[in-house]
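Heads up, the thing below is written out as structure tokens.
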Amino acid sequence: MRATGDAGLAEDVLQEAFFRVHGSLERVDTTGPLRAWLYQVARNAALDALRVRRKDARLATAKASGSGGTRGDVLSEVEAAEERERARDVVRALEALPDEERLLLVQRHQMGVPLEELARSYSVTERTVRSRLQEAACRLAGVLRAMKGARS
């Protein structure tokens, strides 16, 4: 939160840093200090998020002043805000899932781990992995529906 000044943005940055670390574990240099690498990943994720926030602020300022903003800019800004909200909802819904289901969904859909590799790592068949993924996706969809219903 210190880097972003915003608790919500800090949570998004933490989530992004987690995905980056998890996706890069195979390439990390184990001869150097791991802590320094982790800080670098987190710092870069925070910097990227702050750049996006500054861009959004510039668009909002341009829109408010009536200069430089086109209807397309406003629509893309609205769409971007809606997409960020959907992403936050998915993160919250993922957090509500059992750890095993959450990890499986993240490995497959966020990290792109092939079914074959997942089957090997879980010591099950690919068919079992597909079945577990489908169950986890259904549970995730149910959580998202419940969240949407709670807003209405």
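The values are calculated or read from the model by the stated rules, or taken from the named source; none is laboratory data. Worth saying up front: this structure is predicted, and the values here are computed from it rather than measured. Ideal geometry is used to build each Cβ from the backbone, glycine not excepted, and the neighbour counts take in all protein chains shown.
Take the residues in the range 1-13 that are of a type in the set (A, V, I, L, M) and surrounded by fewer than 16 Cβ atoms within 10 Å (Cβ to Cβ), then tell me which one is modelled with the highest pLDDT. Among those that are of a type in the set (A, V, I, L, M) and surrounded by fewer than 16 Cβ atoms within 10 Å (Cβ to Cβ), it is ALA7.
Considering only residues that are more than 16 Å from ASP99 (Cβ to Cβ) and aliphatic (A, V, I, L, M), look in the range 112-136 and name the one that is modelled with the highest pLDDT.
Within the range 112-136, the match that is modelled with the highest pLDDT is VAL129.
Entry remark, the range 68-108: residues being surrounded by 15 or more Cβ atoms within 10 Å (Cβ to Cβ) and at pLDDT below 80 number 2 in total.
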